[in-house]
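The values are calculated or read from the model by the stated rules, or taken from the named source; none is laboratory data. Because the structure is a prediction, the values reported are computed rather than measured. Here the Cβ positions follow ideal geometry from the backbone for every residue, glycine too, while neighbour counts run over all protein chains shown. The protein model used for the area step is the full one, side chains on, heavy atoms only, and it has no ligands, DNA or RNA in it. Shrake-Rupley method; radii C 1.70, N 1.55, O 1.52, S 1.80 Å.
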Amino acid sequence: MSKLVVMSYRLIAAGRRGSRRVPANYSLAACDSQKLARWTVAVATVCASIGCHQSRDEAHAREVATRVRSEFLHAWTNYEKYAWGHDALKPLSKTPHDWYGQSLLMTPVDALDTLILMKLDEEAAKAKELILKDLSFDRDVYVKNFEITIRLLGGLLSSYQLTNDKRLLDLAEDLGNRLLPVFNSPTGLPYVYVNLKTGQVRDAKTNPAETGTLLLEFGTLSKLTGKSIYYEKAKRALMETLKRRSAIGLVGSTIDVETGAWVDADSHISGGIDSYYEYLWKCWLLFGDKDCQEMWQASISAVNRYLADEVRGELWYGHADMNTGRLTASQYGALDAFFPALLAHSGDVARARRLQDSSFKMWNMHEIEPEIIDYKTMQIVDNGYHLRPEIVESTYYLHHFTHDPQYRKMGEKIFHNFVKYCRVDSGYAALQDVVTKEKRDEMESFVLAETFKYFYLLFASPDTLDFDKVVFNTEAHPLRRTD
């Protein structure tokens, strides 16, 4: 900032304090009227210049938001054209895909709050009508509790809060009741699968993400229905996971819900553990639950101590043995890229910035991030790209907390690459190989629920959604705090 602007800020600040004195270097007594006049004109010019620059930046951001909305609509209208009433669109073959052989309307439920936030009113109304007319959970199918909770339960709850249509809450409550049997294990940790019709459960080997990423949704269901059982069951699962952490504070990759014993001691922040840490922090924010705050504090220090890794002066997070803390692998990937958002959200902005730089470096290797890299060699370990949202999520959070324009520039580069390499005639396609850019016949519902939503919120007007009044679940469904 120029000395001229600093001087004027000090003069203005002194006036606001009601003081007749300003710092000695700039005392009013030392200034004649001509100097003051020159200062006033110069400062007005500087401030006008800053204001113009900011308004140009904001105007450009709105233009990008409009492009994001248009590309979202491209994906959505092709889902409507080729997969309406089904879980997802396969964009290369232009065919529908259902997870369990029959549709649970995964894409419409997952995308509804995005449609609402983008003010695509006709499309939102049509999607809601389909959900209310056709969605039934009275089905003899085994579903994965974790995925159904974050996508369908989270989507229904968020859309209910945005529309106040109680029929959406009724669907959420019906689903919540059908999912409850997963918690009927000897430890209270949830089984992986539950039959929506019979309540039978299966698969006892699970992971911290699947045992600990339930409280935002089940807790919100309790708050909205006044029935405490959902909160109690999900919170117990979270606490049972945490209490089995090692002596140094880390959790492993695989746990048996019947014995409570760890099957795999590999610790990391990637898929299978990632959102467990996310929910420790967010359940404190959403519900003010001090147990969650304490669990978060007990966990994040261990994560930063044992998993953070400095390479070439860059910050990365790798894999370690949960019992010894010994680093075992230097792998980082698209799923790990959520962590800068969590660090920024919890107040560690400096660390978040450094890790975001690493994520962006990974992205720029091939202008699309691979699923996994070895950050010591910068070689690809898994060369797929599933249209994941995590790096966009972190870009949005960092821009929100720092207002640093570099994050919108970063986001625009990511969006440009995303469109360039993944857009196809019938929607958006994942990549089989980020090097060759070979396409994959896949457009999961989270692309519409998360990836496009975070791109849009990064560039849209801040009043599109009041960030401070909601907590996003791990599927980017904004859940509003309710007392």
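What percent do you get for the relative contact order of the range 168-323 when only Cα pairs under 8 Å and 6+ apart count? Intermediate results must be reported in sequence, preceding the final value.
On the way: 268 pairs, mean separation 33.6, N = 156.
So the answer I get is 22 percent.
How much FRET efficiency would the formula 1/(1 + (r/R0)^6) give for Gln406 and Glu294, where r is the Cβ-Cβ distance and R0 is 56 Å, rounded to 0.05?
E between Gln406 and Glu294, to the nearest 0.05, is 0.95.
Not counting the cut sites, what is the longest span of the chain without trypsin sites (Lys or Arg not before Pro) that DSSP labels loop and that have at most 16 other Cβ atoms within 10 Å? Numbers along the way, then the final one.
Values: sites that count: Arg17, Arg20, Arg21, Lys94, Lys119, Arg139, Lys197, Lys227, Lys243, Arg312, Arg326, Lys376, Lys437, Arg481.
That would be 22-93.
If you find the alpha carbon centre of the range 297-339 and of the range 104-121, how far apart are they in angstrom?
35 Å
Which angle between 0 and 90 degrees, to the nearest 10, do you get for helix 290-306 versus the longest principal axis of the chain when only C-alpha atoms count?
That works out to roughly 80 degrees.
Please check which bits of the range 380-402 a label hung off Met365 would reach, taking the label as a point 7 Å along Cα-to-C-beta and the cut-off as backbone N under 11 Å.
Within reach of a label on Met365, which here means backbone N under 11 Å from a point 7 Å along Cα→Cβ, the range 380-402 contributes 380-384.
In the structure shown, do any of Lys119/Lys437; Lys197/Lys282; Lys223/Lys469; Lys90/Lys197; Lys133/Lys233; Lys376/Lys453 have a Cα-Cα gap over 25 Å, and if so which?
On the way: Lys119/Lys437 33 Å; Lys197/Lys282 31 Å; Lys223/Lys469 16 Å; Lys90/Lys197 28 Å; Lys133/Lys233 30 Å; Lys376/Lys453 32 Å.
In this structure, Lys119/Lys437; Lys197/Lys282; Lys90/Lys197; Lys133/Lys233; Lys376/Lys453 exceed 25 Å between Cα atoms.
Multiply the residue separation of Asp98 and Met239 by 0.36 nm, subtract the distance between their alpha-carbon atoms, and state the gained length in nm to one decimal. It would help to have the intermediate numbers written out before the result.
On the way: separation 141, 0.36 × 141 = 50.76 nm, distance 3.36 nm.
Stretched fully, the Asp98-Met239 segment lengthens by 47.4 nm.
Enumerate the amide H contacts of Asn207 below 5 Å, restricted to partners 5 or more residues apart or on another chain; note that Pro and chain-start residues carry no placed amide H.
Here the answer is Ile255, since their amide H atoms fall under 5 Å of that of Asn207.
If you filter the range 311-370 for chymotrypsin sites (Phe, Trp or Tyr not before Pro), then keep DSSP loop positions with at most 13 other Cβ within 10 Å, what is left? Before the final figure, lay out the partial values.
Details: sites: Trp316, Tyr317, Tyr332, Phe338, Phe360, Trp363; in loops: none.
Within the range 311-370, no chymotrypsin sites (Phe, Trp or Tyr not before Pro) qualify (loop, at most 13 other Cβ atoms within 10 Å).
Calculate how steeply helix 390-402 sits against the longest principal axis of the alpha-carbon atoms of the chain, using the helix alpha-carbon long axis, and give the answer as 0 to 90 degrees to the nearest 10.
30 degrees
Roll a 1.4 angstrom probe over the protein heavy atoms and tell me the percent of accessible area of the chain that is carbon or sulfur. Intermediate values should be presented prior to the final figure.
Numbers: 9630 of 19750 Å².
Summing carbon and sulfur atoms, their accessible area is 49 percent of the total for the chain.
Just need log10 I(q)/I(0) for the range 298-434 at q = 0.11, 0.19 Å⁻¹, Debye formula, equal scatterers on the alpha-carbon atoms, no solvent, rounded to two decimals.
-0.40, -1.11
What dipole magnitude, in Debye to the nearest 20, does the chain give about its Cα centre under +1 on Lys/Arg Cβ and -1 on Asp/Glu Cβ?
So the magnitude is around 2060 debye.
Convert each backbone phi in the range 236-249 into a coupling constant with the Karplus relation 6.51 cos²θ - 1.76 cosθ + 1.60 (shift: θ = phi - 60°), then list the ³J(HN,Hα) values in order as whole Hz, x for Gly and Pro.
Per residue, the Karplus-derived 3J(HN,Hα) values read 4, 4, 5, 6, 5, 5, 4, 5, 9, 5, 6, 4, 9, x Hz.
Choose one of Trp316, Leu242, Ile373: the residue whose Cα lies farthest towards the positive end of the charge dipole of the chain (beta-carbon charges +1 Lys, Arg; -1 Asp, Glu; about the Cα centre).
Trp316
Any idea what the relative contact order of the range 336-483 is, in percent, if you count C-alpha pairs under 8 Å spaced at least 6 apart? Let's see the in-between values first.
Working: 208 pairs, mean separation 31.1, N = 148.
Relative contact order comes out at 21 percent.
Considering the alpha-carbon set of the range 357-483 alone, what are its Rg and its Dmax in angstrom?
Expressed in Å, the Cα Rg and Dmax of the range 357-483 come to 15.2, 51.
Let me have the relative contact order for the chain, percent, based on Cα pairs under 8 Å that are six or more residues apart. If you can, show how the numbers build up before the last one.
On the way: 846 pairs, mean separation 73.8, N = 483.
Dividing the mean separation by the residue count of the chain yields 15 percent.
If each residue of separation counts as 0.36 nm, what is the full-extension length gain between Thr77 and Ala247 once their alpha-carbon separation is subtracted? Numbers along the way, then the final one.
On the way: separation 170, 0.36 × 170 = 61.20 nm, distance 5.16 nm.
Between Thr77 and Ala247, full extension yields an extra 56.0 nm.
³J(HN,Hα) across the range 171-188 via Karplus (A = 6.51, B = -1.76, C = 1.60, θ = phi - 60°), whole Hz, x for Gly/Pro?
Residue by residue, the range 171-188 yields 4, 4, 5, 4, 5, x, 5, 6, 8, 3, x, 4, 7, 7, 10, x, 9, x Hz.
Are there any GluC sites (Glu not before Pro) in the range 286-340 that are in a DSSP loop and have at most 13 other Cβ atoms within 10 Å? List them by number.
Here no loop site has a sparse enough neighbourhood.
Per residue of the chain, what 222 nm ellipticity follows from adding -39500 (n - 2.57) for every DSSP H run with n ≥ 4, rounded to the nearest 500? Could the numbers behind the result be given before it?
Numbers: 17 runs with 241 residues, N = 483.
After summing the helix terms and dividing by residue count, I get -16000 deg cm²/dmol.
Could you state the angle between the C-alpha long axis of helix 106-117 and the longest principal axis of the C-alpha atoms of the chain, as a value from 0 to 90 degrees rounded to the nearest 10?
The angle comes out near 20 degrees.
Between Arg305 and Asp433, how high is the FRET efficiency from 1/(1 + (r/R0)^6) when r is the Cβ-Cβ distance and R₀ = 45 Å? Nearest 0.05.
Result of the calculation: an efficiency of 0.80.
Tell me the per residue accessible area of the chain using a 1.4 Å probe; a whole number in Å² is fine.
41 Å²
Once label points are set 7 Å from the Cα along Cα→Cβ at both Met378 and Asp463, what is their separation, rounded to one decimal in nm?
Each label point lies 7 Å from its Cα, and together they span 4.5 nm.
Output ³J(HN,Hα) for the range 225-233: one whole-Hz value per residue in order, computed from phi by the Karplus curve 6.51 cos²θ - 1.76 cosθ + 1.60 with θ = phi - 60°, and x for Gly and Pro.
Once θ is set to phi - 60°, the couplings for the range 225-233 become 9, x, 10, 6, 4, 5, 4, 4, 5 Hz.
Report the one residue of Tyr454, Ala61, Asn304 whose Cα lies farthest in the direction of the positive end of the charge dipole of the chain (charges on C-beta: Lys and Arg +1, Asp and Glu -1; origin at the Cα centre).
So the residue we want is Ala61.
Return the long-range amide H neighbours of Val311 (sequence gap of 5 or more, or a different chain), with a cut-off of under 5 Å between placed amide H atoms.
Those lying under 5 Å, H to H, from Val311 are Trp316.
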